[in-house]
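Visitor: Here's a structure for you.
The values are calculated or read from the model by the stated rules, or taken from the named source; none is laboratory data. Remember, it's a predicted structure, so these values are computed and weren't measured experimentally. Cβ: placed from backbone, ideal geometry, glycine included. Neighbour counts: every protein chain shown.
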Amino acid sequence: MNVQNPVIEVSDLCKTYDSGHRALDNIQLNIERGEIFALLGPNGAGKTTLIGSICGLVNFSEGKILADGFDVHKDYRQARSRIGLVPQELCTESFETVLATVNFSRGLFGKAPDAAHIEGLLKDLSLWDKRDARILELSGGMKRRVMIAKALSHEPSILFLDEPTTGLDPQSRRHFWSLIRTIKARGKTVLLTTHYMEEAELLCDQLIIMDKGNIIAEGSPQSLLRQHFKDSYICLNREDLDDDLASLGSRVEVREDGIAIATSNVEKTLAELVALNINLRSLRVRNPSLDDLFLKLTGHHLRE
């Protein structure tokens with residue numbers, strides 16, 4: 001991936017745990033400043049170890065990482081101050097007010113109080129009206145916004161979001177997508193992990209797919225799909241499953257939500273289905289998705 005202005009530079013990164021498990025195997029990664037970047041992969045792929053290494057929370061075995069130009073080992077304080085981290089778990093001081101907990105987080109990084117910055121931040125996150133509310137009084141979505149405010153309180157250039165919309169309803173998830181785009185528009189680089197295909201495809205400028213400690217694909221969602229797929233899919237209801245479909249060979253894939261048939265010629269495949277006298281209750285034609293790419297490259301669906 002050609003990166004002109006990297007904010008994160010990872011070179012020859014390896015991590016082997018005491019058990020002998022090699023969680024990261026010679027990772028090479030450059031992330032462009034000011035983009036939304038996704039780290040995708042099945043459980044155990046190495047995403048958490050990679051994030052922990054970049055944030056200075058994991059002692060990697062070999063390699064070098066620069067965060068906004070600072071070595072995460074040699075210049076730990078400077079590098080860490082450039083990063084805001086929002087974990088998946090809601091970890092907030094339940095009895096503190098929103099304003100107090102965000103101000104406290106800023107102070108942890110040695111930053112002088114800045115009422116104007118905190119006010120602007122809380123307004124951007126639609127939290128200003130809740131500034132005097134205690135955390136325990138907030139909804140789950142509001143608590144997640146507070147965690148983002150804490151992560152941005154010290155004015156980092158990089159924001160990590162670990163599955164930020166997990167557990168949110170569809171409407172709240174879309175609100176968060178808008179919020180993430182706003183954060184990018186403010187000049188931040190946003191790195192996120194997610195198990196939602198639509199989220200990665202709609203939000204991210206670039207992404208990597210990891211498996212077994214390696215990066216197995218990288219690029220924009222659109223370029224990766226063009227690179228790996230030439231076929232479309234005819235999708236049928238599960239009730240249409242019939243032994244006769246076996247004649248279509250490896251093109252047929254049975255999934256939780258129905259049957260997908262890969263085809264480079266939709267009309268020809270439909271004619272084949274008609275010839276098999278299959279009772280087609282309904283069907284649709286769709287283009288490949290990131291879930292298809294995941295399945296092809298790792299053998300897993302994205303949300304497994």
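Visitor: Do we find that Val98 is surrounded by 15 or more Cβ atoms within 10 Å (Cβ to Cβ) and either within 20 Å of the chain's Cα centre (by Cα) or polar (S, T, N, Q) (or both) in this structure?
Guide: Criteria not met by Val98.
Visitor: Could I ask something else about it? Pairs needed: first member in the stretch 60-78, in the same structural domain as Val10 (by TED's automatic domain parsing); second member anywhere, assigned to a loop (DSSP other than H, G, I, E, B); C-beta distance under 7 Å; at least 6 residues apart or different chains.
Guide: Listed pairs, sorted by first residue: Ile65/Val72; Ala67/Arg82; Asp68/Arg82; Asp68/Ser157; Phe70/Arg82; Val72/Gly56; Tyr76/Gly56.
Visitor: Scanning the stretch 66-106 for residues that are aliphatic (A, V, I, L, M) and assigned to a loop (DSSP other than H, G, I, E, B), which turns out modelled with the lowest pLDDT?
Guide: Leu90
Visitor: Separate question: Of the residues Met142, Met147, which is more than 30 Å from Arg22 (Cα to Cα), of a type in the set (A, V, I, L, M) and surrounded by fewer than 21 Cβ atoms within 10 Å (Cβ to Cβ)? Explain how you work it out, then say what you get.
Guide: On the way: Met147 fails: surrounded by fewer than 21 Cβ atoms within 10 Å (Cβ to Cβ).
None of the other options fit; the residue is Met142.
Visitor: Can you name the condition, by its number, that Gly63 falls short on among (1) modelled with pLDDT of 95 or more; (2) assigned to a loop (DSSP other than H, G, I, E, B)?
Guide: All conditions are met except number (2).
Visitor: Could you give me the residue pairs with C-beta distances under 9 Å whose first residue belongs to the stretch 174-186 and is in a loop (DSSP other than H, G, I, E, B), whose second residue is surrounded by 13 or more Cβ atoms within 10 Å (Cβ to Cβ) wherever it lies, and which are 6+ apart or on separate chains?
Guide: Correct list of pairs: Arg186/Asp124; Arg186/Leu152.
Visitor: Another one. Whether any residue in the stretch 67-76 is β-branched (Val, Ile, Thr), farther than 19 Å from Ile158 by Cα and in contact with a helix residue (DSSP H, G or I) (Cβ under 9 Å, 6 or more places away or on another chain) is what I want to check. Break it down stepwise before answering.
Guide: Filtering the stretch 67-76 down to residues β-branched (Val, Ile, Thr) leaves 72.
Going one step further and asking which of them are farther than 19 Å from Ile158 by Cα, we end up with none.
Among the residues of the stretch 67-76, not one is β-branched (Val, Ile, Thr), farther than 19 Å from Ile158 by Cα and in contact with a helix residue (DSSP H, G or I) (Cβ under 9 Å, 6 or more places away or on another chain), which makes the answer no.
The rows are residues; the columns are (1) touching a strand residue (DSSP E or B) at 6+ places or on another chain (Cβ under 7 Å); (2) surrounded by 21 or more Cβ atoms within 10 Å (Cβ to Cβ); (3) closer than 29 Å to Leu297 by Cβ; (4) not aromatic (Phe, Trp, Tyr).
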| site | (1), (2), (3), (4) |
| --- | --- |
| Glu32 | yes, no, yes, yes |
| Leu39 | yes, yes, yes, yes |
| Asp68 | yes, no, no, yes |
| Asp75 | no, no, no, yes |
| Gly107 | no, no, no, yes |
| Lys111 | no, no, no, yes |
| Lys123 | no, no, no, yes |
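Visitor: Within the stretch 19-30, is there a residue that is part of a helix (DSSP H, G or I) and in the same structural domain as Glu137 (by TED's automatic domain parsing)? Give the derivation first.
Guide: Our first condition is that a residue be part of a helix (DSSP H, G or I); within the stretch 19-30, this holds for none.
No, there is no match, as no residue in the stretch 19-30 is part of a helix (DSSP H, G or I) and in the same structural domain as Glu137 (by TED's automatic domain parsing).
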